[in-house]
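The values are calculated or read from the model by the stated rules, or taken from the named source; none is laboratory data. This structure is a prediction, so every number in the text was calculated from the model and none was measured. Cβ sites come from the backbone with ideal geometry, for glycine too, and all protein chains shown count toward neighbours.
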Amino acid sequence: MKDFSSLKQALKLASIELETSPLAPNSKIPLLKGGNGYLDATSDKAILNKMFSNCPQANLCLRLDTSHLIMVDVDLHTEQANGFKTLTELNKKGMKLTDNTYIESTPHDGLHYYFKAEVPIHDISKAFSENSGVEIHTRFSSVYPSEIDGKQYEPLDGRTLADIKPAPKWLVDKLVGQKVNWTSEHAYTTRLRLKKYTGRLLDEMVQGTNTGDRNVWLTKMIGRLFVTGAEPETVYELACSINERFIDQPLETKEVTTIYNSILKREMKRFERNSIRNSKIAG
């Protein structure tokens, strides 16, 4: 259980001008219905008190971009997608994540490294390879004392967010301008393997859309993301990222949330119908 409430931590972070907002309990989904997601984060203590007033067990979202922070997410998804193994390989190349900054352990045995840096605002979901197990976030992140499945994000070595250090130069360079050999990437896609459903979805996603059909297009993208079997929280985070990066004039976050909630409700009904049908067949 939490040592103290997210509100108390939010007020503490507001004192050092860090902006936060509430997330639904046991979740990374914004708590405020009809809000603007992480864009609602604030350091105004009166507003924070109102935000958290109806949900003392809310998780806590830290906004990164307005404070010029980045978070490196190191996970152990599988033996192949092993972020800790990736860090070891990076260390051998002289690319080390300094461990004197603020670091949190995550509920699923990963680590979140926090650094200060002036970089473009874009996340990199697979920062070093397809199965690197390392992601870079520049918009927002869940932070202590948030809980997932009864396990808490925990600061390491008694440090606080006031102890965040500047990012290593190699990491800043990666975020500022990452060069990709597109010729090789294209050859890999077209000659070495058949493109699967998810590959086609990603290609269409990156192509984006213009202002005219953005609602319809994003609705279709979210629906297709659910078809992949991804967790609802994953679909929501991807939807927000797609909106910001691949639509000429992004929708307000509250519009994205409304579209997402509508499709989630539809998918839940479909799941219930299928479960009932399968039960009748089994019986």
What number of residues in the range 1-41 are buried (at least 17 other Cβ atoms within 10 Å of the Cβ) and outside any loop (DSSP other than H, G, I, E, B)?
15
Please identify the pairs in which a residue from the range 80-101 that is of a type in the set (Lys, Arg) has its Cβ atom under 8 Å from the Cβ atom of a residue that is surrounded by 11 or more Cβ atoms within 10 Å (Cβ to Cβ) and outside any helix (DSSP H, G or I), counting only partners at least 6 apart or on another chain.
LYS85/GLY133; LYS96/PRO168
Please verify whether ASN54 is free of Cβ contacts under 8 Å to residues at least 40 places away in the same chain and in a loop (DSSP other than H, G, I, E, B), treating the condition exactly as stated.
yes
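Can you find a residue in the range 165-177 that is within 17 Å of the chain's Cα centre (by Cα) and modelled with pLDDT under 85?
Looking for residues that are within 17 Å of the chain's Cα centre (by Cα) and modelled with pLDDT under 85, one finds at least one in the range 165-177, hence yes.
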May I ask you to verify whether ASN100 is surrounded by fewer than 19 Cβ atoms within 10 Å (Cβ to Cβ), not small (Gly, Ala, Ser) and either not in a loop (DSSP other than H, G, I, E, B) or not assigned by TED's automatic domain parsing to the domain that holds PRO30 (or both)?
no
Filtered residues of the range 22-65 (kept if within 16 Å of GLU233 (Cβ to Cβ) and among the small types (Gly, Ala, Ser)):
ALA24, SER27, GLY37, ALA58
So which strands (runs of 3 or more DSSP E) are wholly in the range 106-168 and hold at least 1 residues that are crowded, with 18+ Cβ neighbours inside 10 Å and among the acidic types (Asp, Glu)?
134-137
Could we say that ASN49 is over 17 Å from the mean Cα position of the chain (by Cα) and either at negative phi or not charged (D, E, K, R) (or both) here?
yes
Can you tell me which of (1) farther than 21 Å from GLN57 by Cβ; (2) modelled with pLDDT of 90 or more; (3) out of contact with any helix residue (DSSP H, G or I) (no Cβ under 7 Å at 6 or more places or on another chain) is the one ARG139 doesn't meet?
(3)
Please verify whether THR86 is closer than 16 Å to GLY110 by Cβ and not aliphatic (A, V, I, L, M), treating the condition exactly as stated.
yes
Here the qualifying pairs (Cβ atoms under 9 Å; residues six or more apart or on different chains; first in the range 109-122 and in the same structural domain as LYS151 (by TED's automatic domain parsing); second part of a loop (DSSP other than H, G, I, E, B) and of a type in the set (D, E, K, R)) come out as ASP109/ASP75; GLY110/ASP75; LEU111/ASP75; TYR113/ASP99; ILE121/ARG139; HIS122/ARG139
Which of the residues that make up the range 248-267 are out of contact with any Gly (no Cβ under 6 Å at 6 or more places or on another chain) and either surrounded by fewer than 11 Cβ atoms within 10 Å (Cβ to Cβ) or among the charged types (D, E, K, R) (or both)?
ASP248, GLN249, GLU252, GLU255, LYS265, ARG266, GLU267
Of ASN91, ASN49, which residue is over 24 Å from ILE136 (Cβ atoms), of a type outside the set (Gly, Ala, Ser) and not in a strand (DSSP E or B)?
ASN49
